[in-house]
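Only one structure is covered here, and it is reproduced in the block below.
Since every read-out is calculated from the coordinates, none of them should be taken as a lab result. Note that the coordinates shown come from a computational prediction; the quantities given were computed from them, not determined experimentally. Here the Cβ is made from the backbone with ideal geometry for all residues, glycine too, and neighbour counts use every protein chain on show.
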């Protein structure tokens, strides 16, 4: 059964209305929002209201699988296509034919697969791995991400042309802390649901004060976190204990923009400010081409090479800086830099440092 | 006197919207505006207003111009469409694929848009009510 979209906030009502107007168009949809806001629920609601319910709703998580596996999952393969392909296997594009293909975490799809995806979306054709036959496909593609794709385009981690092709209809789901009026209804709904699933559990509904507390909490994990809290309450039957075990109420101040960066959701850098993570990516991208496939990337990353590139760059800047200070007097610059005149000339030619032409 | 030509202009930039609106109003057109594709689609589906020509931006929230064009071409095939974009080639190419009648790149000259409207609607035909 599809989970309904629960809430009375203006933003949620607008999303429901938008679904209602576009579900029959089957135009590509991009759903954005932080982890746990309910992107898959929106995708399922689109499917339920579309003319495609006779066919499958197929989901694939682009972040959960390594590149080669993701490719064979999407497009399928022929017997003998690669070691271990003992028999032919259809991909998600085939299973979703005439139905919906929900590409979750599209922002994490490797660049090499992004170009193949773009080709399929443009032509409506694909071929399974190891096959020279093209299959026509009629799938409604609904993609979701918690990344800021425009930022990822700037970082060369997401293809701009794929972005525009997916972003025909854009549904942005605001975080729960920005639509607190939905919280009482969500609590009511999930309380009833879990109570019906586990009628013998002791849990009790929140009283008025607890509800105020629930509405004031920032919910960094959004609806999913709220669901977990209700489940927990049903077992331990103490809202105070549930609150005690929740992350600090100001935790969203530490992670203000989960949607904009990669590692928080994977739990790798829980308390790292997103700007640091983005700085890291942009720093690395200066020395490594992050737009290559992950396999190639791993081959190309070498600490030695990166060290050389990084030190060359800094050396070049420092030498230029000193030369400018001393009016391009090379012997003075060599003295300041504490290298021989010959070394300086060599470095200048290696890094192609030239005085400004007059 | 012929009925004025009815335009629906869609852009998420309110300055552009009011400039266009003032210009075409002063030229004797009947103008309605919408701030994104979703608002425009609702206006079209209400059927209370009929339009002769849709002028739309492409990169917008909710329903993009490309989305709006695809829907309109299917549901209201007679409505002429002029697409405008300031985001380089890709949205423009998608608009052509969605069968926009004309695709223009911003900044666009308002008089040029008017020429396109007249050419698209073949105004001599419209004047048969005279």
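Between A:181, A:208, A:105, which gets the highest mean-square fluctuation from a Gaussian network model of chain A, Cα cutoff 10 Å?
Among A:181, A:208, A:105, the largest mean-square fluctuation in the Gaussian network model of chain A belongs to A:208.
Could you give the angle, 0 to 90 degrees to the nearest 10, between helix A:274-287's Cα long axis and the longest principal axis of the Cα atoms of chain A?
40 degrees
Within a 10 angstrom radius of each residue's Cβ in A:168-177, how many Cβ atoms of other chains show up on average? Whole number is fine.
4
Provide a whole-number value for the mean count of partner chain Cβ atoms within 10 Å of the Cβ atoms in peptide A:10-19. Intermediate results must be reported in sequence, preceding the final value.
Working: counts 0, 0, 0, 0, 2, 1, 0, 3, 5, 0.
Going residue by residue through A:10-19 and averaging, the value is 1.
How would you order B:54-61, A:214-221 from highest to lowest mean count of nearby Cβ atoms within 10 Å? Mind dumping the intermediate values first?
Details: B:54-61: 23.1, A:214-221: 21.0.
Result, highest mean first: B:54-61, A:214-221.
If you split all Cα-Cα distances of the protein assembly as shown into 20 Å bins from zero, what percentages do you get per bin, shortest first?
19, 41, 30, 9, 0
What's the average, rounded to a whole number, of partner chain beta-carbon atoms within 10 Å of each residue's beta-carbon in B:56-65? Before the final figure, lay out the partial values.
Details: counts 0, 0, 1, 3, 1, 4, 10, 9, 8, 1.
Taking the mean over all residues of the peptide, I get 4.
Gaussian network model of chain A, Cα springs within a sub-10 Å range: biggest mean-square fluctuation belongs to which of A:224, A:159, A:213?
Among A:224, A:159, A:213, the largest GNM mean-square fluctuation belongs to A:213.
Which residue, A:344, A:226, A:185, tops the fluctuation ranking in a GNM of chain A built on C-alpha contacts under 10 Å?
It is A:344.
In Å, what is the Rg of the alpha-carbon atoms in segment A:46-202, and how long is Dmax?
Spelled out, the Cα radius of gyration and Dmax of segment A:46-202 are 19.0, 60 Å.
Using alpha carbon centroids, what distance separates segment A:213-248 and segment A:1-47, in Å?
That distance is 24 Å.
If you find the alpha carbon centre of segment A:325-358 and of segment B:1-68, how far apart are they in angstrom?
That distance is 62 Å.
What percent does the relative contact order of chain A come to when contacts are Cα pairs within less than 8 Å and at least six residues apart?
17 percent
Any chance you could give the angle, 0 to 90 degrees and rounded to 10, that helix A:222-236 forms with the longest Cα principal axis of chain A?
50 degrees
For the protein assembly as shown, what is the mean residue ellipticity at 222 nm derived from helices alone (per DSSP H run of n ≥ 4: -39500 (n - 2.57); sum divided by total residues; nearest 500 deg cm²/dmol)?
When only DSSP H runs of four or more count, the value is -14000 deg cm²/dmol.
Restricting to Cα pairs below 8 Å that are 6+ residues apart, what does the relative contact order work out to for segment B:6-129? Please round to a whole percent.
Relative contact order here is 21 percent.
Using Cα atoms only, what is the angle between the long axis of helix B:37-46 and the major principal axis of chain B, expressed in degrees (0 to 90) to the nearest 10?
The angle comes out near 40 degrees.
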